[in-house]
1. Which of 125, 162 has the fewest other C-beta atoms within 10 Å, and how do the rest follow up to the most?
2. Give the separation of the Cα centroids, region 97-167 to region 1-80, in Å.
3. Calculate for the chain the 222 nm mean residue ellipticity that helices alone would give, adding -39,500 (n - 2.57) per DSSP H run of length 4 or more and normalising by residue count, nearest 500 deg cm²/dmol.
4. If you fit an axis through the alpha-carbon atoms of helix 42-53 and take the longest principal axis of the Cα set of the chain, what angle between them do you get, 0 to 90°, nearest 10?
5. Over the chain, what is the percentage of antiparallel beta bridges among all DSSP beta bridges, to the nearest 5?
6. For a quick protection proxy, order the peptides 150-156, 16-22, 99-105 by their average other-Cβ count within 10 Å, most packed first.
7. Taking the Cβ of each residue in 193, 172 as the centre, tally the other Cβ atoms inside 10 Å and list the residues starting with the fewest.
8. Quote the relative contact order of the chain in percent (integer), defining contacts as alpha-carbon pairs under 8 Å separated by 6+ residues.
């Protein structure tokens, strides 16, 4: 299983996930590694997913949170993923719509200024303005080559959850009372994901 972090965070958000999937080789990719983040695109992040996935034993499950979910969607066909797990992913253009008027400036932004404070003790780092602009303009991922699961809580249920699940015919698990961060931090979310993976084998 390859774990893919969201904007402004890093592989450390998945601390403890390997313990929830003892039967799997679990790795968290660092999407920023080796990149000039100020010029990094969603395509660059998707390529990082492909490279990391190709280093893992097959079959490979891609699990992406937030913008990492969109990178997983972009990479799925090239990886020939066994399945996708999407934790309130940034939606593709087919789910959110396309807006070619959105500008695509290069540079960096502070994720805590844009998204709000991260949880106590959670490291934040500067993120790509270009990739964020691409997400807002709309990144096309028309179909998936494998089964998929969308996990939602209260924060983006209607914006990111149901439209993505409807687009791909995904299974969906809803966690009322959980916010966006809790989907990656709460152990009971991982337990439900592990159960879904065992059923989708």
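Every read-out reported here was derived from the displayed coordinates using simple, explicitly stated rules and does not represent laboratory data. Because the structure is predicted, anything quoted here is derived from the model rather than measured. Backbone-built Cβ (ideal geometry, glycine too); neighbour counts: all protein chains shown.
1. So the residues, fewest neighbours to most, are 125, 162.
2. If you average the Cα positions of each part, the centres end up 14 Å apart.
3. Roughly -9500 deg cm²/dmol at 222 nm, from the helical runs in the chain.
4. Between helix and principal axis, roughly 30 degrees.
5. 10
6. By packing density, highest mean first, the sequence is 150-156, 16-22, 99-105.
7. Values: 193 22, 172 16.
The order, fewest Cβ neighbours first, is 172, 193.
8. Relative contact order for the chain comes out at 22 percent.
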